[in-house]
Amino acid sequence: MGGQAAVRGFAIQTLICLLDALVDGSDWTAVTIEPVTALDKVDILWEFDDGRKKAVQVKSSQNSIGRSHIEGWCKELVADKQAHDYELRLAGPLAAGALTGGDFKGVKVPPPSSIIVQDLIEQAITKLDQYLVSAKIEAVPLTVRTALIDICAAKLIAGSTAAEKIARTSFDGWLLQWITAAYPQAVAARLGANCEVIWGSVNLESPRSGGGPFQLVLPITVYNTGGGAAIVEWFVVIAKSGLDRWLYVADKSIFEGNKRPFTEFVVAPGAYHERDIEFVPAVKDGFRLDAWKLGEYQLELLAKFSTEGVPRAIKTGIVTIDGSHMSLINNSGSIPIRISSLDSFLQTI
């Protein structure tokens with residue numbers, strides 16, 4: 001094989017490895033390019049969650065690949081490495097009927113890839129986009145993804161010179177590190193996106209002042225399923241009835257009956273923060289400060305995370321105010337109301 005063909009072959013091998021690494025939902029835990037084997041026929045060795053190993057050989061040719069070639073390569077691959085699964089990856093044109101029927105020694109031989117390196121790079125760029133989305137990382141610009149593919153390929157090539165085993169955690173770490181440096185907004189969005197806010201009811205309470213609107217107490221739970229700490233800066237509730245609007249801000253955090261001024265708080269990775277939050281009306285142009293009347297009100301909860309530039313809409317629900325609720329205007333007390341889209345859904349079926 002000439003020098004140019006050898007370089008192209010190694011580039012194809014590396015890009016095929018990268019394409020397989022970026023398959024969404026794959027359970028691989030480690031990969032080695034050019035592992036040390038007895039016959040030197042294994043190009044890529046994959047390891048998986050359940051302990052399985054897959055030995056892969058990559059063959060590329062500008063000439064037509066015939067059935068005899070495929071059978072010979074499969075025989076050599078199986079003889080070289082004890083693995084649970086075997087795969088022969090081809091790049092280039094196939095002879096007619098080369099993959100039809102017959103025994104390939106238990107080796108999986110999928111349809112061939114393109115032999116044009118740029119085609120494989122473009123496929124990898126597309127797969128990287130899907131991989132990042134599945135990891136809840138905001139889509140990054142094409143130029144950044146292109147650079148990431150170049151860097152990943154270079155890193156894999158560097159590892160192959162020493163038959164280095166690359167762990168899945170290290171691979172994902174590279175991506176996050178490089179994205180953080182090149183496009184930090186994506187990772188910031190990921191940290192915020194991994195926080196889920198659960199809100200399912202509201203307690204109406206007596207107004208603080210005569211003639212004013214109800215106070216609101218919301219039981220809120222924030223779950224952090226991300227890999228970094230999340231900071232919740234504030235919550236607001238917007239109540240709407242027709243063209244009228246009321247703005248509520250978080251004023252007190254209630255825990256085990258004790259009220260404390262609401263402040264921003266941290267939710268550690270894998271943890272949750274559960275509190276009753278007391279909201280009071282805020283003075284702002286365009287928002288009312290008078291008492292609610294009978295009728296339907298739409299309540300929208302918004303949360304601001306430190307990693308996000310704008311507040312995130314959490315949930316919108318409808319409450320119906322009737323005579324029992326209006327009794328709170330002149331009497332102390334609390335009336336809970338469920339916030340759910342179920343009732344409105346049931347009315348549509």
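The values are calculated or read from the model by the stated rules, or taken from the named source; none is laboratory data. Given the structure is predicted, the values throughout are model-derived calculations rather than measurements. FYI the Cβ positions are ideal-geometry reconstructions off the backbone, even for glycines, and counts take in every protein chain you see. Note: accessible area is taken over every heavy atom of the protein model, side chains too, but ligands, DNA and RNA are not part of it. Shrake-Rupley method; radii C 1.70, N 1.55, O 1.52, S 1.80 Å.
Given labels modelled 7 Å from the Cα in the Cβ direction, how far is it in nm from K75 to Q130?
3.6
So how tilted is helix 67-80 from the main axis of the chain? Cα-based, degrees 0 to 90, rounded to 10.
Taking the Cα atoms of the chain, the angle to 67-80 is about 80 degrees.
Please give the helix 3-21 orientation as an angle from the longest Cα principal axis of the chain, in degrees from 0 to 90, rounded to the nearest 10.
30
If you roll a 1.4 Å probe over the heavy atoms of the protein chains, what accessible area per residue do you get for the chain, in Å²?
The answer is 50 Å² per residue.
Label 7 Å along Cα→Cβ of D322; segment 266-307 residues with amide nitrogen under 13 Å?
In segment 266-307, the label zone of D322 (backbone N under 13 Å from the point 7 Å along Cα→Cβ) covers 295-296.
Modelling each spin label as a point 7 Å along the Cα-to-Cβ direction, I'd like the V117/S241 distance in nm, to one decimal.
Once both label points are built, they end up 7.0 nm from each other.
Which shape class, rounded, prolate or oblate, goes with segment 43-96 when its Cα gyration tensor gives a ≥ b ≥ c as root eigenvalues, a/c under 1.5 marks rounded, and past that a/b bigger than b/c marks prolate?
prolate
Would you mind telling me the share, in percent, of accessible area of segment 195-349 contributed by carbon and sulfur at probe 1.4 angstrom?
In segment 195-349, the share of accessible area belonging to carbon and sulfur is 52 percent.
Angle check, please: helix 117-134 long axis (alpha carbons) against the longest principal axis of the chain (alpha carbons), in degrees 0 to 90, nearest 10.
30
Amide H of A95 versus every other amide H placed in the peptide plane: which residues, excluding those fewer than 5 positions away on the same chain, fall under 5 Å?
Those lying under 5 Å, H to H, from A95 are I65, G66.
Determine the dipole magnitude for segment 51-118: charges of +1 sit on the beta-carbon of Lys and Arg, -1 on that of Asp and Glu, nothing else is charged, the reference point is the Cα centre, and the result goes in debye to the nearest 20.
180
Which one, (i) 57, 25, 17; (ii) 61, 20, 18; (iii) 41, 18, 17, gives semi-axes √(5λ) of the Cα gyration tensor in Å as derived from the coordinates shown?
Read-out taken from this structure: (ii).
Can you give the relative contact order of segment 1-79 as a percent, counting alpha carbon pairs under 8 Å and 6+ residues apart?
With pairs under 8 Å counted, the relative contact order is 22 percent.
Report, by chain and number, residues whose modeled amide H sits under 5 Å from the one on T307, excluding near sequence neighbours (fewer than 5 apart, same chain).
I231
Could you pull out every one of the lysines with an alpha carbon less than 29 Å from that of K240, ignoring same-chain neighbours closer than 8 positions?
Once the sequence-local lysines are set aside, what remains near K240 is K252, K259, K284, K293, K304, K315.
At 0.36 nm per residue, and after removing the present C-alpha to C-alpha distance, how many nm does the segment from D276 to R312 gain when stretched out fully?
Stretched fully, the D276-R312 segment lengthens by 11.0 nm.
Test of understanding: given the chain, find the longest segment containing no trypsin sites (Lys or Arg not before Pro) that are in a DSSP loop and have at most 12 other Cβ atoms within 10 Å.
Answer - 1-207.
Past 29 Å, Cα to Cα: identify those pairs from K59/K127; K75/K127; K75/K155, in the order given.
Those over the limit are K75/K127; K75/K155.
What spacing in nm lies between the two simple spin-label points modelled at K293 and E256, each 7 Å away from Cα in the Cβ direction?
Spacing of the two 7 Å Cα→Cβ label points: 4.5 nm.
Roll a 1.4 Å probe over the protein heavy atoms and report the accessible area of C17 in Å², nearest 10.
It works out to around 0 Å².
Would you grab the residues whose amide H sits under 5 Å from the one on I339? Only those 5+ places off in sequence or on another chain, please, with H modelled 1.01 Å from N.
It is S201, V202, by chain and number.
With equal scatterers on the alpha carbons only and no solvent term, can you work out the Debye log10 of I(q)/I(0) for segment 238-336 at 0.10, 0.14, 0.17 1/Å?
Ignoring solvent entirely, the Cα scatterers give -0.35, -0.69, -1.00.
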